[in-house]
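Input: a single structure, listed below in structure tokens.
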Amino acid sequence: MQKSSTKGIQALQKIKLQIFHTLLPYYKKLPPSVKLKIKKRITYRPTIVAGTQISKEDIYDNFLNPERKENIMRFFSFLDNQSKDIKNIQYIFFLPLFSTGGAELVALNFIRLILEKKKEISILLVVTDANKLEVTSSFPSRLASLNLEQFLGSQELIKKQIFVYDLIQTLRPSVLHNINSSVFWLLLLEKGEKLRKISKIFADIFCVQYDLNNNRTGYAEHYLKNGIPFLDGLLSDNASFLDEAINLYGLQAYRDKMFTVYNPIDELREVEDDHIEVLAKEKVSSKTRNTDRLQVIWAARLDEQKRWKFFLEIVRNCDFCDFDMYGQAVIDESPHIISLPNLTYKGGFTSINKILEMKHYDAYLFTSRYEGLPNTLLSVGLKNIPIIAPSIGGIKELVTEKTGYLLIENPTIDDYIKALHEIKDNPNEAKIKALEMRKLILERHNWEKFSDVVSKIPGYL
């Protein structure tokens, strides 16, 4: 009898859900005052709810747990307290956290473009993996943001996955865009077929990651091979990763759904095409050094991926340069920075451009173990500062023998010091390389180029 009753409740809930989604498009078009009257009179909000005696295979698609219904109701109340411009959410972005990193800039670029092209919709940004959401003044008014861990009061992965599933079933957006959210990847692996029937699904991955023992790890290693069948598009800020992924994971059959989308540099977002051509023809400043010592900058997270300890060894062994070091830990614990006579530790930073406006530098050192195509390098290159970097990930698509100082994949301290000597001994050659770098950035990383590439991705806009 209990089993029969449970099935009856589930069937009724499914009917309610079908009715709701049939009427939802008409509801969205109603004036706010009418919507408010309806919300006061109708207590039901659709959601997919799990029962206490349900197997794990069925946990997403059963209709019993009132906590899940309550969470969706709370979400609508949360939306009511957001900007009055939030309406008709058609895109949801998923990120693990939101701070000042490269993935966040990628997300904001896509968000700005969508809102620029589609005036009648809003976007929801969901931070899924960590309790870190830093809302900035750069957030558009039609962007709502949700800290999932804070909202649910839980760190449990399964609770987060279930709520995200409920949210997608309820809002039924046109597009889901995942940028490094493990919660979403795990949900996609379990419910990809159902999610694809609701929304177009896209994901960004920037590079193959490695642990301290040089074993592959991260999003590509754990999720891509099994997740790509459910994607409408795999995006990356560099072509090198896509080629590597095809070879590593045997993804030749999915080549047509992979797209290289080079990041636009923020400084060029409002610059017209004809003015970019003028900028590209400008000559590099003839500014000369005030001292025989090279002024060198390193700016990155103080996490193992960025090899900040290795950088300090370069500083220790390089007596003809003065180094400014910027950065703070985001993933790892905050370290103690040793004192060296030719090193000035400047602390954390939020904008590389503000740093570069304060002082002229002769070189920028980049020491990461693995990377995509960092936005920081684009900002540095635009300022005519020679870049020394290893041949990893998408960096070799920006730094070449023509545009900078490209080292081997695993360079030694001596390799970096040799490159610094080349800049010191041949300043004119360094300036020519910097000019070529700047031309490449102006031509390939402007807003119009970005807009054009994204517009050609099937199903995205």
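The values are calculated or read from the model by the stated rules, or taken from the named source; none is laboratory data. For clarity, every value in this text was computed on a predicted model and none was experimentally measured. In this analysis, Cβ positions are derived from the backbone assuming ideal geometry, glycine residues included, and neighbour counts consider all displayed protein chains.
Of all residues in segment 196-214, those that are modelled with pLDDT under 95 and over 23 Å from V106 (Cα atoms) total 4. Would you pick out the residues in segment 297-317 that are free of Cβ contacts under 8 Å to residues at least 60 places away in the same chain and either aliphatic (A, V, I, L, M) or in a loop (DSSP other than H, G, I, E, B) (or both)? Scanning segment 297-317 gives L302, D303, L312, V315. Set side by side, the residues S122, S137 differ, and just one is among the polar types (S, T, N, Q) and modelled with pLDDT under 95, which is S137. Scanning segment 319-346 for residues that are in contact with a Phe, Trp or Tyr (Cβ under 7 Å, 6 or more places away or on another chain) and closer than 28 Å to P96 by Cβ yields M325, Y326, G327, I337, K346. Taken together, the residues in segment 198-216 that are within 22 Å of I158 (Cβ to Cβ) and outside any loop (DSSP other than H, G, I, E, B) amount to 3.
Across segment 415-461, the qualifying residues are those that are of a type in the set (S, T, Y) and over 30 Å from R293 (Cα atoms), and the one among them that is surrounded by the most Cβ atoms within 10 Å (Cβ to Cβ) is Y460. Residue pairs whose Cβ atoms lie under 8 Å apart, sitting 6 or more positions apart in sequence or on different chains, and linking a residue in segment 183-199 that is acidic (D, E) to a partner that is modelled with pLDDT of 95 or more, are E190/Q161; E193/F230. Of all the residues in segment 352-370, those that are under 21 Å from the mean Cα position of the chain (by Cα), in contact (Cβ under 8 Å) with a residue 60 or more places away in the chain and more than 16 Å from K309 (Cα to Cα) number 1.
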